[in-house]
Amino acid sequence: MAEEVLRNIGPIVLLGPPGAGKGTQSKRLSDRYGIPQISTGDLLRENVQRRTDLGIKAEAQMSRGELVPDNLVCDMVAWRLRDQDCERGFILDGFPRTAIQAAWLDAFLKHQVLENPKRHLCSPIVVRFDVDYNKLSLRLTGRRTCPTCGRIYNVHLQPPLVDEICDVDGTKLIIRDDDRYEVIQERLATYERQTMPVAEYYKKQGRLISVNADRPVDEVTAELFQDIENHETAPASGD
Ligand code: AP5
């Protein structure tokens, strides 16, 4: 196991438009650093599938490409972040997505450190993936996901070895409900309206790293590892 894997990494926040590669890169970061990927999109989809109260409340907004209300998402994240596997760090894939969620996260991390100083929760490393919008449609309409292991493919760009079948476990791949053209347009508009200001919030604090995600997956991964490993951690002060 590489030395880096054993280090306390703290929180990593991945920002970027739909299809930027947040999920793809989160899985690689999770493997390298041994910390969990927390995808709010995946958690919400699980809740929709299990017909939980949260899933029933979130379903309509998700199918329109709008954001689920902040209080529901923050409560869901709070539950997940208290799990023991988050002690050395975690990857937030798709959270925070609004100014309210970003302020909530700062306050939550600060409070967690005060409550349990053994937790290694410093200020997050915040990475924004920049991609040419013209490429996103191909990425999203071509996406296929394995419902068993979560591996992400693309029929145009990273196809599985056998059509529509996961290379890892042989499960039939699925298409996400919100990867339809009209919903993709709304998701992009929502990103611009509500999530771009989050990147500005972190930028003003000197906490934003921008990565050109318009390159082959391995190149983006290599840059991410470098940025994270060169990053100086700061306490969870929220300022
Ligand atoms: P969520 O599931 O988070 O979707 P998203 O942000 O729209 O992002 P995606 O999962 O579509 O894209 P990605 O960046 O992960 O790209 P991926 O790696 O898969 O959210 C869904 C919904 O849930 C939201 O609309 C909202 O309703 C709700 N929600 C979630 N979080 C919320 C929150 N915090 N607050 C409120 N509501 C929330 O890659 C995409 C494709 O591109 C794949 O096919 C992949 O193979 C390919 N690809 C990846 N990288 C590359 C590359 N470098 N080159 C070529 N192809 C690539």
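Quick look at the values:
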{"item": "Verdict on residue 123 being out of contact with any Pro (no Cβ under 8 Å at 6 or more places or on another chain) and either buried (at least 20 other Cβ atoms within 10 Å of the Cβ) or over 25 Å from residue 205 (Cβ atoms) (or both)", "result": "no"}
{"item": "First in the range 52-74 and more than 15 Å from residue 194 (Cβ to Cβ), second anywhere and polar (S, T, N, Q) and more than 9 Å from the ligand (Cβ to nearest atom), Cβ under 8 Å, 6 or more apart", "result": "54/47; 55/47; 55/49; 58/47"}
{"item": "Meets criteria (more than 17 Å from the chain's Cα centre (by Cα), free of Cβ contacts under 8 Å to residues at least 12 places away in the same chain and either in a helix (DSSP H, G or I) or more than 10 Å from the ligand (Cβ to nearest atom) (or both)) for residue 107", "result": "no"}
{"item": "Set 179, 130, 167: member being open to solvent by less than 80 Å² (accessible area, probe 1.4 Å), touching a Lys or Arg at 6+ places or on another chain (Cβ under 9 Å) and closer than 20 Å to residue 20 by Cα", "result": "179"}
{"item": "Residue ranges of strands (runs of 3 or more DSSP E) in the range 118-233 with at least 1 members hydroxyl-bearing (Ser, Thr, Tyr) and more than 10 Å from the ligand (Cβ to nearest atom)", "result": "208-212"}
{"item": "Within the range 57-73, considering residues that are near the ligand (Cβ under 6 Å from one of its atoms) and part of a helix (DSSP H, G or I), the one least open to solvent (accessible area, probe 1.4 Å)", "result": "73"}
{"item": "From the options 138, 173, residue that is within 28 Å of residue 208 (Cα to Cα) and not basic (Lys, Arg)", "result": "138"}
{"item": "Search result, residues across the range 198-223 that are aliphatic (A, V, I, L, M) and touching a residue at least 40 places away in the same chain (Cβ under 8 Å)", "result": "198, 199, 208, 209, 211, 213, 217, 220"}
{"item": "Residue list for the range 44-56, filter: part of a helix (DSSP H, G or I), out of contact with any helix residue (DSSP H, G or I) (no Cβ under 6 Å at 6 or more places or on another chain) and more than 8 Å from the ligand (Cβ to nearest atom)", "result": "46, 49, 50, 53, 56"}
{"item": "Count of the range 74-108 residues which are buried (at least 20 other Cβ atoms within 10 Å of the Cβ) and over 29 Å from residue 189 (Cα atoms)", "result": "1"}
{"item": "Residues that are near the ligand (Cβ under 10 Å from one of its atoms) and not in a helix (DSSP H, G or I), drawn from the range 15-36", "result": "15, 16, 17, 18, 19, 20, 21"}
{"item": "Single match in 101, 112 (criterion: under 26 Å from residue 207 (Cα atoms), at pLDDT below 95 and assigned to a helix (DSSP H, G or I))", "result": "112"}
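The values are calculated or read from the model by the stated rules, or taken from the named source; none is laboratory data. If you're wondering where the values come from, they're calculated on a predicted model, not measured in any experiment. Ideal geometry is used to build each Cβ from the backbone, glycine not excepted, and the neighbour counts take in all protein chains shown. What goes into the accessible areas is simple: the full protein's heavy atoms, side chains included, and nothing from ligands, DNA or RNA. Shrake-Rupley method; radii C 1.70, N 1.55, O 1.52, S 1.80 Å.
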